[in-house]
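> Okay, handing you the structure first.
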Amino acid sequence: MQLLTPANFIAALLVLAPYLAVAFFPQAMAARVRALPEWVQLSLPAALCIPYSLVAGSAGIFHWEWFALYAALPVAIASLLWRAARIDLLQRGVWSDFLILAVLGLAVDLRWFESPWPPHLAIFNKIVLLDAGIYGFVLLRGLEGTGFDLRLRLRDAAIGLREVAFYTPFALALGLSLGFLHLHGAWPGLAPMAGAWIFTFFFIAVPEELFFRGWLQNLLEKRMGRNAALFLTAALFGLAHFNKRTVSFNWRYVLLAAVAGVFYGRAWRRDRRVGASAVTHATVDAIWSLWLK
C-alpha cells in the first residue's frame with residue numbers, strides 16, 4: 001500500500017495545522033476562536049472528520065459510521081468543555097473534564113479507534129484526538145496553567161535536561177536490575193539521533209505531556225495538592241504502558257514509566273510548561289531507544 005499519497009499528505013497537513021498553530025500561537029488562536037459565534041465554536045471541530053475521509057477514502061476502506069464518530073466526538077468534547085468553562089469558574093475540574101480525559105486516554109491506550117485506518121497510519125487517530133482535546137481544553141475551556149506553548153526557552157531545556165540527569169541513575173539501577181534495560185554501545189550517527197529526538201518530541205512526548213501533565217496533573221493539583229497530584233498522575237502514566245511490548249501486563253514497563261512520570265511531572269510543574277517536560281520525556285525515550293532497548 002502506498003502511504004505517501006496526495007490525500008494522505010493533505011490529511012497530514014490538516015491534522016498537524018491545528019496542533020502546531022495552537023502550540024506556537026496559543027493566545028492568538030484562542031482569541032480568534034472565541035471571537036466566533038458560539039454555534040461556530042461548537043460545530044467547528046466536526047471538521048476533524050475530513051482527515052479520516054481523505055485517508056480511508058484513498059485506501060478504499062471508508063465507512064460512514066467512523067466518519068460520523070470523527071465528526072460527532074470532537075463536537076461532543078467541545079460542547080462539554082464549553083459548558084464546563086461556564087460552570088467551573090475556579091477551574092477545579094468537573095465530571096465532564098475527567099470523563100473526556102478518560103475517553104481520550106483509553107481510546108489511545110487501548111487503540112479503540114485505530115482499526116478504521118490503513119496499516120501504519122493509525123497515528124492519524126492519535127493526532128485527531130489530540131486536536132479535539134486541544135480545541136476543547138485550550139481554546140474553549142481556557143484551562144489555566146496548561147503550559148502548552150512550544151516556543152521553547154533555554155530555561156525549558158535546562159529544566160528538562162536537569163530532570164533527565166536526576167532520573168537516569170534511578171532508571172539505570174532499576175531497569176538493569178529488573179532485566180528491562182540492556183546496554184549496547186552502537187552509535188547511530190548524529191542525523192538519525194536528531195531525527196529520532198524531533199519525531200519523539202512532537203508525536204510522542206508533547207501529546208503525552210499535554211495530556212498527563214498539562215491537563216490531568218493540572219486539574220488534580222487543584223483538588224489534591226501538588227505532591228499527591230504528581231504521584232497519582234505518575235502512577236496513571238505508568239499504568240498507561242501496561243500493554244507496551246507485550247500481550248500481557250508488562251509490570252516492569254509500568255514501574256519504569258511511573259518513576260519517569262514523577263520526573264516528567266517535576267519538569268512540567270517547575271514553570272508549568274509542557275515544553276520542559278517534553279524535553280525530559282523525549283530525551284529519556286531517545287536514550288532508551290538508541291542505547292538501552
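> When only DSSP loop residues count, what trypsin sites (Lys or Arg not before Pro) in the stretch 212-264 have their Cβ near at most 10 other Cβ atoms within 10 Å?
Values: sites: ARG213, LYS222, ARG223, ARG226, LYS244, ARG245, ARG252; in loops: LYS244, ARG245.
When the trypsin sites (Lys or Arg not before Pro) of the stretch 212-264 are filtered for loop state and at most 10 Cβ neighbours within 10 Å, ARG245 remain.
> For the chain, with only Lys/Arg (+1) and Asp/Glu (-1) charged at the beta-carbon, what is the dipole magnitude about the Cα centre, in debye rounded to 20?
Numbers: 25 positive and 16 negative charges, 144 e Å.
Around 680 debye, computed over the chain.
> Here's another thing I want to ask about it. Among the lysines, which have Cα under 27 Å from the Cα of LYS244 when same-chain residues fewer than 8 positions away are ignored?
Answer for LYS244, where 27 Å is the Cα cut-off: LYS126, LYS293, listed by chain and number.
> Of the options ALA158, ILE127, LEU106, report the single residue whose Cα projects farthest towards the positive end of the charge dipole of the stretch 81-183 (beta-carbon charges: Lys, Arg +1; Asp, Glu -1).
Working it through, the farthest residue towards the positive pole turns out to be ALA158.
> Cα centroid distance between the stretch 137-166 and the stretch 96-123, in Å?
24
> Oh, and also: So, counting K/R as plus one and D/E as minus one, what does the shell of residues with Cβ under 15 Å around PHE24 add up to? All intermediate terms of the calculation are to be shown ahead of the outcome.
Details: positive: ARG32, ARG151, ARG153, ARG273; negative: ASP131, ASP149, ASP156.
Result for the neighbourhood of PHE24: +1.
> Tally Lys and Arg at +1 and Asp and Glu at -1 over the other residues with C-beta under 11 Å from the C-beta of ASN227: what net charge comes out? Don't jump to the answer; show the numbers that get you there.
On the way: positive: ARG226, ARG266, ARG269; negative: GLU221.
In short, +2.
> Taking the number of other C-beta atoms within 10 Å as the exposure measure, put GLU38, GLU65, GLU163 in order starting with the fewest.
On the way: GLU38 10, GLU65 7, GLU163 26.
In increasing order of surrounding Cβ atoms, one gets GLU65, GLU38, GLU163.
> Same structure again: For the chain, what does -39500 (n - 2.57) per DSSP helix run (n ≥ 4), summed and divided by total residues, give at 222 nm, in deg cm²/dmol to the nearest 500?
Details: 14 runs with 191 residues, N = 293.
About -21000 deg cm²/dmol.
> Looking at the square roots a ≥ b ≥ c of the eigenvalues of the Cα gyration tensor of the stretch 6-140, which shape do they give, rounded for a/c under 1.5, prolate if a/b is larger than b/c, or oblate? If you can, show how the numbers build up before the last one.
On the way: a/c = 2.01, a/b = 1.53, b/c = 1.31.
Prolate, since a/c reaches 1.5 and a/b exceeds b/c.
> What is the sum of charges around PHE148, taking Lys and Arg as +1, Asp and Glu as -1, for the other residues whose C-beta is under 11 Å from the C-beta of PHE148?
Numbers: positive: ARG151, ARG213, ARG272, ARG273; negative: ASP149, GLU209.
Here the charged neighbours net out to +2.
> In whole Å, how far is the Cα centre of the stretch 31-65 from that of the stretch 184-245?
Going from one Cα centre to the other spans 27 Å.
> With a point put 7 Å past each Cα toward its Cβ, work out how far ARG151 is from GLN27 in nm, to one decimal.
Distance between the two pseudo-spin positions: 0.8 nm.
> Going by average Cβ density within 10 Å per residue, which order do the peptides 102-109, 234-241 take, highest to lowest?
On the way: 102-109: 16.5, 234-241: 19.9.
So the peptides 102-109, 234-241, ranked by packing, come out 234-241, 102-109.
> Still on this model: Where the only charges are on Cβ atoms (+1 Lys, Arg; -1 Asp, Glu), what is the dipole of the stretch 77-162 about its Cα centre, to the nearest 20 debye? Walk me through the intermediate numbers first.
Values: 10 positive and 8 negative charges, 47 e Å.
It works out to roughly 220 debye.
> Now, a different point. Under unit Cβ charges (Lys, Arg +1; Asp, Glu -1), what dipole magnitude, rounded to 20 debye, does the stretch 154-292 have relative to its Cα centre? Please list the in-between numbers first.
Working: 14 positive and 7 negative charges, 80 e Å.
The dipole magnitude comes to about 380 debye.
Just so you know, all these numbers are worked out from the coordinates, no wet-lab data involved. Nothing here was measured: the structure is a model prediction, and the numbers come from that model. Positions of Cβ are generated from backbone atoms using ideal geometry, with glycine treated the same way; all protein chains shown enter the neighbour counts.
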